[in-house]
Amino acid sequence: MSGSPITALFDRTRAENRAALVGYLPAGFPSKELSIAAIETMVEAGVDLVEVGLPYSDPVMDGPTIQAAADRALEAGTRIADVIEIAGRSAATGAPTVIMTYWNPVERYGVDRFAAELAAAGGAGLITPDMIPDEAEEWMAASTAHGLDRVFLVAPSSSDERLAMTADAASGFIYATAVMGVTGQREQTSSLAPELVARLRKVTDKPVGVGLGVSNGAQAHEVAAFADAVIVGSALVRCLLDAPDPDSGLDALRRLVTDLRAGVER
Amino acid sequence: MTSPVPDASGHFGRFGGRFMPEALIAPLDEITQAWQEAQDDPAFTAELDRMLREYANVPSPLYEAHRFSEAAGARILLKREDLNHTGAHKIRNVIGQALLAKRIGKPRCIAETGAGQHGVASATACAYLDLECTVYMGEVDTERQALNVARMRMLGAEVVPVTTGSRTLKDAINEALRDWVASVDTTHYLFGTAAGPHPFPAMVRELTRGIGDEARAQCLELTGRLPDAAVACVGGGSNAIGLFTGFVADADVRLVGVEAGGDGVETGRHAATITGGSVGVLHGARSYLLQDEDGQTLESHSISAGLDYPGVGPEHAYLAQTGRAEYRPATDAQAMAAFELLCKTEGIIPAIESAHALAGALTLAEELGPDATILVNLSGRGDKDVHTAAQYFGLIEEPVVLDEGTEE
Ligand SMILES: Cc1ncc(COP(=O)(O)O)c(C=O)c1O
């Protein structure tokens with residue numbers, strides 16, 4: 001899919017000899033307006049690609065930080081239509097924007113309807129942490145029909161055969177989870193990630209993003225040495241969760257993104 | 001007799017499958033293959049049979065409940081799973097999976113539990129087979145089932161109260177999955193019901209199907225024919241699929257699953273997933289679930305902690321869709337009336353879960369009349385429910401603080 005905004009982004013970051021910085025924030029956290037402001041702040045400070053999280057009641061891939069934020073977004077009344085709207089506002093900043101979502105909300109909303117509305121809002125695709133290509137027939141059709149990228153995950157436990165199959169089904173980029181575990185900050189970057197990326201390179205030339213556990217510029221720099229994108233989530237959410245008031249949350253977010261953005265230069 | 005479902009990828013028609021993080025696909029494949037090999041290995045099946053017989057008190061008897069039958073107005077046969085070790089059908093599943101964990105070489109098991117029955121059974125099997133055991137239990141449930149928390153700890157298990165989400169069974173499953181993704185090298189997830197991602201629904205069915213296979217032979221021996229209906233309560237669906245599987249090929253035997261109707265399906269406060277829910281994906285499989293318009297899981301409600309789950313195993317969704325089995329609700333009040341009736345007519349205190357099956361049988365008896373023979377799976381005994389039932393019937397004064405050992 002040469003026309004995709006995500007593909008264009010990776011062409012640019014490759015030319016600039018750096019990794020892309022991918023930032024995750026849940027939609028509607030801490031409120032709809034503030035989540036839009038937080039996304040705009042992230043992009044201004046250097047995030048290249050935005051992952052808008054769709055808050056879900058049973059987020060099995062997420063650690064306590066993201067779950068706490070998702071719970072607050074749901075308590076604040078965040079609906080699927082809001083998430084798509086927020087993704088549209090994010091895309092309006094110029095940064096390609098995907099929604100990261102567990103599968104059931106998409107299935108319930110209607111796979112084709114979800115894809116059509118996201119595409120109309122300017123969204124670039126979906127990251128689906130609990131949807132593997134084996135089950136994705138309907139999503140493959142809908143994403144193709146509406147020109148959306150489909151970002152699937154791979155893990156250190158994936159067999160070579162599954163890496164090849166998943167890479168083949170994916171578009172935009174492939175999300176390599178750096179550790180066997182859930183989202184959350186970690187002290188050290190994973191020793192499993194370089195090997196996983198090396199195994200992927202043997203079966204695909206699609207861009208590879210590495211996530212789970214990256215929380216500062218130094219770690220981002222380590223990952224940028226072997227990945228096409230560095231994905232950061234919990235550390236960004238933490239800035240907003242820990243802040244005494246919205247302005248200091250946005251300030252903390254801006255400082256962290258500035259540090260991360262310096263890190264992804266090679 | 002081998003069942004035609006699921007297919008190789010774990011689908012029962014459009015239900016089932018694997019909606020799981022990729023990180024867990026390799027361990028699920030490992031279990032699928034190990035389970036396949038174990039089933040074909042006479043040494044494994046002989047060992048499992050021996051353990052069930054010597055340790056778990058299986059096969060359980062089939063009992064003709066004469067006085068209950070008289071009150072019901074039809075001939076009622078009870079499959080006495082309440083007499084198994086640990087007091088429920090759950091022991092069949094956990095011994096099988098714990099033995100499989102040993103075979104794969106995993107020294108540790110994790111489990112989720114709602115009422116604590118699956119947790120107690122898991123802790124028991126792990127003590128028996130020398131495995132480390134961690135049980136995840138929603139904080140709300142650790143409070144309402146304090147006695148079972150003590151039981152699990154006595155058996156050497158670690159009990160982790162889960163404080164996320166609604167702090168009940170579904171959140172305990174989430175937390176167990178989070179543990180598993182980080183510990184798969186050493187840990188087997190001893191899943192407690194016939195739900196979840198492939199191969200759990202099929203594997204748990206094969207481990208519990210002794211219920212129906214035994215009951216079928218016992219019924220033929222006792223009555224000279226098959227029952228008109230086989231009835232079981234449905235939470236996640238393990239005892240029901242264990243009963244139904246033995247009769248699926250007998251087209252004349254009606255299969256009736258009884259779901260927890262709570263305050264009544266029309267009130268929205270229930271756990272009747274098939275009757276009152278819709279198709280979606282939860283905990284790794286496509287099936288019925290209780291969800292809102294956006295696909296967010298809704299909280300379930302039932303007087304029975306073991307049925308208080310917003311999902312159901314995919315094979316039940318399939319049996320409902322094909323019409324081979326029917327699913328109906330019994331309210332809290334109907335279940336408790338049946339509970340009381342069994343206590344007073346037979347001197348058997350049933351689990352409140354199983355009382356839902358009895359309530360379903362009472363309704364069915366009215367419909368079928370006095371010539372009918374109805375087989376009911378008495379999935380568990382009610383010792384764990386004495387406190388809840390005593391409160392319900394106003395037999396004790398409030399409050400009784402079980403977890404602090406003091407009563408007033
Ligand atoms: C005695 C008894 N029956 C039934 C159930 C419901 O589970 P399932 O539907 O998997 O049989 C439970 C669950 O705790 C139980 O303890």
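The values are calculated or read from the model by the stated rules, or taken from the named source; none is laboratory data. Computed from a predicted structure; not experimentally measured. Neighbour counts are summed over all protein chains in view; Cβ atoms, including those assigned to glycine, are modelled from backbone coordinates with ideal geometry. SASA here: full protein model, heavy atoms, side chains in, ligands and nucleic acids out. Shrake-Rupley method; radii C 1.70, N 1.55, O 1.52, S 1.80 Å.
The table below gives the values:
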item: In the stretch B:339-357, residue least open to solvent (accessible area, probe 1.4 Å) [restricted to those that are farther than 15 Å from B:Thr388 by Cα and free of Cβ contacts under 8 Å to residues at least 40 places away in the same chain]; result: B:Gly347
item: Those residues of the stretch A:215-254 which are open to solvent by 10 Å² or more (accessible area, probe 1.4 Å) and either without any contact (Cβ under 8 Å) to a residue 12 or more places away in the chain or of a type in the set (Val, Ile, Thr) (or both), in sequence order; result: A:Asp242, A:Ala243, A:Pro244, A:Asp245, A:Asp247, A:Ser248, A:Asp251
item: Inter-residue pairs, beta-carbon under 9 Å, first closer than 14 Å to B:Ile241 by Cα and more than 14 Å from every other protein chain (Cβ to nearest Cβ) and in the stretch B:187-200, second more than 16 Å from the ligand (Cβ to nearest atom) and modelled with pLDDT of 95 or more, 6+ apart; result: B:Phe200/B:Gly10; B:Phe200/B:Leu28; B:Phe200/B:Ile31
item: Filter result (within 16 Å of the ligand (Cβ to nearest atom) and either part of a loop (DSSP other than H, G, I, E, B) or outside the structural domain of B:Tyr318 (by TED's automatic domain parsing) (or both)) within the stretch B:222-241; result: B:Gly235, B:Gly236, B:Gly237
item: Conditions (1) charged (D, E, K, R); (2) within 11 Å of chain A (Cβ to nearest Cβ); (3) closer than 24 Å to B:Tyr327 by Cα; number of the one not met by B:Asp228; result: (2)
item: Subset tally (residues that are open to solvent by less than 10 Å² (accessible area, probe 1.4 Å) and either part of a helix (DSSP H, G or I) or acidic (Asp, Glu) (or both)) for the stretch A:85-118; result: 11
item: Residue tally, condition in contact with a helix residue (DSSP H, G or I) (Cβ under 7 Å, 6 or more places away or on another chain) and either open to solvent by less than 10 Å² (accessible area, probe 1.4 Å) or among the charged types (D, E, K, R) (or both), over the stretch A:173-192; result: 6
item: Test: residue in the stretch B:253-274 that is part of a helix (DSSP H, G or I), outside the structural domain of B:Gln117 (by TED's automatic domain parsing) and among the small types (Gly, Ala, Ser); result: no
item: Members of the stretch B:171-220 found to be touching a Cys at 6+ places or on another chain (Cβ under 8 Å) and within 14 Å of the ligand (Cβ to nearest atom), listed by number; result: B:Leu190
item: Selection count, the stretch B:242-275, where residues are within 16 Å of the ligand (Cβ to nearest atom) and touching an Asp or Glu at 6+ places or on another chain (Cβ under 8 Å); result: 14
item: First in the stretch A:99-111 and more than 10 Å from chain B (Cβ to nearest Cβ), second anywhere and in a helix (DSSP H, G or I) and of a type in the set (Val, Ile, Thr), Cβ under 7 Å, 6 or more apart; result: A:Ile99/A:Val83
item: Checking B:Ser3 against (1) small (Gly, Ala, Ser); (2) modelled with pLDDT under 95; (3) open to solvent by 60 Å² or more (accessible area, probe 1.4 Å), the condition it does not meet; result: (3)
item: Test set (1) open to solvent by 10 Å² or more (accessible area, probe 1.4 Å); (2) within 9 Å of chain B (Cβ to nearest Cβ) - A:Met131 fails condition number; result: (1)
item: Residues within the stretch B:66-113 that are assigned by TED's automatic domain parsing to the domain that holds B:Lys344, more than 16 Å from the ligand (Cβ to nearest atom), touching a Leu at 6+ places or on another chain (Cβ under 7 Å) and among the aliphatic types (A, V, I, L, M), tallied; result: 4
item: Test: residue in the stretch B:56-69 that is within 14 Å of chain A (Cβ to nearest Cβ) and either outside any loop (DSSP other than H, G, I, E, B) or of a type in the set (Lys, Arg) (or both); result: no
